Amino acid sequence: MTSGADNGILSVVSGDWMRDCYEAVTNATLGDAVRLISMAFRAAAAGVAILLMEVLAGMAGEPMFRVPFVTSIVLVTALPETPPARPAAIVGGHLISSFAGWLVGFLPGSSEALGAAAVALATLGMLVARSVHPPAGVDGFLVATSGLSVTWILSPVLVGALLLAAYSRVVAYGERMLLQALAPMLAR
């Protein structure tokens, strides 16, 4: 790579990025090809999951701003091997955070203070339960600041978290199968 690649955004501004991209492609190794295929597969899986979430939310009549899974989808598809992307963390984190918001909703105070308290309690709960899923913090915030009911915790939260946990396992399996299928071609 040229020194332009080391400058990050500066190489884009200066035009060196085109030369850097060309060099990256022409000097790519087998490992580079596998990583690129994996990244493309994960990105496509994120896009499919977002589309499915939008369709399911529409069918359920749930406004998109109240469906707390966009950042969870990115996390579990982009970084499936990390602890926050484990199915237990996905489901546990969303439920703990939602119930934290519900509990905080009984306290007096402004919605700003309640939202902050809900996220703090959700974080504590996820840490104690060892089910930290950072994107789930928004659930407690939404419940506390919007006065969402326990039924919202069941659907879309519980249903969505279970679907996302299952989807994450299917995506991980699909990625393994794709890379195994492509291995003979990539080895040439």
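The values are calculated or read from the model by the stated rules, or taken from the named source; none is laboratory data. In this text the structure is predicted, and so the values were computed from the model without any measurement. Cβ placement follows ideal geometry from the backbone for every residue including glycine, while neighbour counts extend to all protein chains displayed.
Assuming Ile153 fulfils every condition listed in (1) surrounded by fewer than 13 Cβ atoms within 10 Å (Cβ to Cβ); (2) closer than 18 Å to Ala117 by Cβ; (3) β-branched (Val, Ile, Thr) apart from one, which condition is it?
(1)
Restricting attention to the range 142-152, which residues are out of contact with any Asp or Glu (no Cβ under 8 Å at 6 or more places or on another chain) and more than 11 Å from Arg66 (Cα to Cα)? Let's see the steps before the verdict.
Just the residues of the range 142-152 that are out of contact with any Asp or Glu (no Cβ under 8 Å at 6 or more places or on another chain), to begin with: 142-144, 146-152.
Result: Ala144, Gly147, Ser149, Val150, Thr151.
Go through Val128, Val132 for me and flag whichever is in contact (Cβ under 8 Å) with a residue 40 or more places away in the chain and either of a type in the set (A, V, I, L, M, F, W, C) or farther than 30 Å from Ala44 by Cα (or both).
Of the residues listed, the single one that is in contact (Cβ under 8 Å) with a residue 40 or more places away in the chain and either of a type in the set (A, V, I, L, M, F, W, C) or farther than 30 Å from Ala44 by Cα (or both) is Val132.
The rows are residues; the columns are (1) modelled with pLDDT under 75; (2) surrounded by 11 or more Cβ atoms within 10 Å (Cβ to Cβ); (3) of a type in the set (S, T, N, Q); (4) part of a helix (DSSP H, G or I).
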residue	(1), (2), (3), (4)
Ser11	yes, yes, yes, yes
Trp17	yes, yes, no, yes
Asp20	yes, yes, no, yes
Ala24	yes, yes, no, yes
Ala28	yes, yes, no, no
Asp32	no, yes, no, yes
Arg35	no, yes, no, yes
Ser38	no, yes, yes, yes
Ala43	no, yes, no, yes
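Which residue, of Leu148, Leu103, is over 20 Å from the mean Cα position of the chain (by Cα) and within 25 Å of Ala49 (Cβ to Cβ)?
Exactly one of Leu148, Leu103 is over 20 Å from the mean Cα position of the chain (by Cα) and within 25 Å of Ala49 (Cβ to Cβ), namely Leu148.
Kindly list the number of the only condition in (1) buried (at least 19 other Cβ atoms within 10 Å of the Cβ); (2) in contact with a helix residue (DSSP H, G or I) (Cβ under 6 Å, 6 or more places away or on another chain) that fails for Val138.
Looking at each condition in turn, Val138 falls short on (2).
Among the residues of the range 45-79 satisfying the criterion of being hydrophobic (A, V, I, L, M, F, W, C) and assigned to a loop (DSSP other than H, G, I, E, B), which is farthest from the chain's Cα centre (by Cα)?
Residues of the range 45-79 hydrophobic (A, V, I, L, M, F, W, C): 45-46, 48-53, 55-57, 59-60, 64-65, 67, 69-70, 73-76, 78-79.
Subset that is assigned to a loop (DSSP other than H, G, I, E, B): 67, 69, 79.
Numbers: Val67: 13, Phe69: 7, Leu79: 8 Å.
Among those that are hydrophobic (A, V, I, L, M, F, W, C) and assigned to a loop (DSSP other than H, G, I, E, B), it is Val67.
For Leu79, only one of the following conditions fails: (1) within 23 Å of Gly137 (Cβ to Cβ); (2) at pLDDT below 95; (3) not hydroxyl-bearing (Ser, Thr, Tyr). What is its number?
(2) is the only condition that Leu79 fails.
Right, Thr123: among the polar types (S, T, N, Q), under 30 Å from Arg42 (Cβ atoms) and either buried (at least 16 other Cβ atoms within 10 Å of the Cβ) or over 13 Å from the mean Cα position of the chain (by Cα) (or both) or not?
Yes: the conditions hold for Thr123.
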